[in-house]
Structure formats: C-alpha cells, structure tokens
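Have a look at the structure below before the remarks.
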Amino acid sequence: MEPAGAGARDEEDLVDGGIGDVDGLDDVGADELRSDVDLLLRVWQNEKCAPEILPYEATLVERVREQIQLMEENIEAFATEIKDDLMLSLYRMDVNRTLFLLRSYLRARLHKIERFPIHIVDNPELWDRLSEHEQEYTNKYCEILAKHFEKTVLIRLPDQYGSMLKQTSLASEENDMITQPQLNTFVFCRSRGAIGSFQLDDKGDEAVDLMTDDLYILRYKPVRKLLVTDKIELI
C-alpha cells in the first residue's frame, strides 16, 4: 500500500511495509510480525482456496498471537510519546489488519470442519491436521449434529432409514451419506520452486512442467501433496 503523502519517512515505513521504525516500536517485534504476517497470508490463502482442510500451523499461529499482543502493549506504552493521533491510528490499523487475517484463517478452518465433520473424524490423516481445540470442537459438533438429526428426522423414518450415514441399511454397506470435499476441483496455483515434470495421473499420460513462480490451473487432487509440502501455493 502506498503512503498517503510524500511527507515523513515514518509514514512511508508504516503504510508501505507495516509498522515502521518510529520511537523504538520497530525494536519490539515489528520486523518479526511483518515476516510472520507474510507467512500467515500464504497459509490463509492456501486454506481459503483448498477444498479440504490443511495442516494446522500451530507454531505460526502462536507466534503471531504473541507478537500481536506484544505490539498492542507497546503501542499503548508509546501512546503518550507519539503526539500524532493519526500515526497511532495507523499503527493500530496495521495490528488490527493482522488480527483480522488470523481470525479469518481460523474461521476458514471452522467452516470446513462444520461442512465435513464426519469425513474428518473418519479420516486419520485429516484428523491429525486439526489442533487440539479443533478436535474437541469437531467431536462436540458431530455429537450435536447426530442428536439433532435423531430428534428431528430419523426418529420419524422406518428402521432401514434410521442412519444419518447411510441411505438405507438394506442396500448400503458403506457410509455413503457422508459429505466429502471435491478433490477433483480445479485450483489456481503457483510453483514456489522448479519442480520439473510432474505427473497428474496414475497412468503417466498427463504431465506438466512446474517452473518457479509460474501460474497453473490444475486439478487439486494430484497436487495436494505438493501443497502440504509447501512446494506450491494456491491463489
């Protein structure tokens, strides 16, 4: 974001790159916050664009939370030294923007949990991607969902239709009523390195050369492991 004017050096640092080097604020965590915000932005973007839930970035989230708290405390401490109310508002806006990004990331994950709760519980790989609090939330959500369906719908149906996981107990051997993410959907992605030729199917008939910073439109399922290993990013 460009500075509002060509005036003070402090305002350029603040608006163009986040919290600037004013009155010692840069010495109390601003650089670390800017670096982690860049990482959080990529993590948030991947989570928003991926059809399935991704591994929870516990270390990054905790670090950003601590840095936000530190910056808020120091902004309040320096409020008496910085006489420019506009400057203080810009500092707070920068921190609030990071806080919004963090909350949006967590909300995106909760949205997927509420959309595919049983699928996540039944899939050990996806279950391990949740934080401890998310696992507790998912278990409770599934419990409430089951009670709701039992009291409002299933109790009124014949016994063979009494499961929320199967169409009918007579014809269905598997749980065919569980909502699952569409992994074959197409996504926009950018390669973060020179991966080279990459197979998009098991037969080897379809391949693509993934080059650094090039953009691609690909089916999600073949490249999901590249995303989890941070070799590509979704856009």
Residue in region 100-116 that is of a type in the set (S, T, N, Q) and in contact with a Phe, Trp or Tyr (Cβ under 9 Å, 6 or more places away or on another chain) present: yes
Pairs where the first residue, in region 194-214, is free of Cβ contacts under 8 Å to residues at least 40 places away in the same chain and the second is loosely packed, with under 10 Cβ neighbours inside 10 Å and part of a strand (DSSP E or B), C-beta under 7 Å, 6+ apart: ALA207/SER197; ASP209/SER197
Of residues in region 159-193 being surrounded by 12 or more Cβ atoms within 10 Å (Cβ to Cβ) and among the aliphatic types (A, V, I, L, M), the one modelled with the lowest pLDDT: MET164
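This table checks each residue for (1) buried (at least 17 other Cβ atoms within 10 Å of the Cβ); (2) over 17 Å from VAL37 (Cα atoms); (3) more than 28 Å from the chain's Cα centre (by Cα).
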{"site": "THR98", "(1), (2), (3)": "yes, no, no"}
{"site": "ILE113", "(1), (2), (3)": "yes, yes, no"}
{"site": "LEU130", "(1), (2), (3)": "yes, yes, no"}
{"site": "LYS147", "(1), (2), (3)": "no, yes, yes"}
Some residue of region 52-59 being surrounded by 13 or more Cβ atoms within 10 Å (Cβ to Cβ), hydrophobic (A, V, I, L, M, F, W, C) and part of a helix (DSSP H, G or I): no
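The values are calculated or read from the model by the stated rules, or taken from the named source; none is laboratory data. These numbers were taken from a predicted model, which means no experiment stands behind them. As a convention, Cβ positions derive from the backbone with ideal geometry for all residues, glycine included, and neighbour counts pool all protein chains shown.
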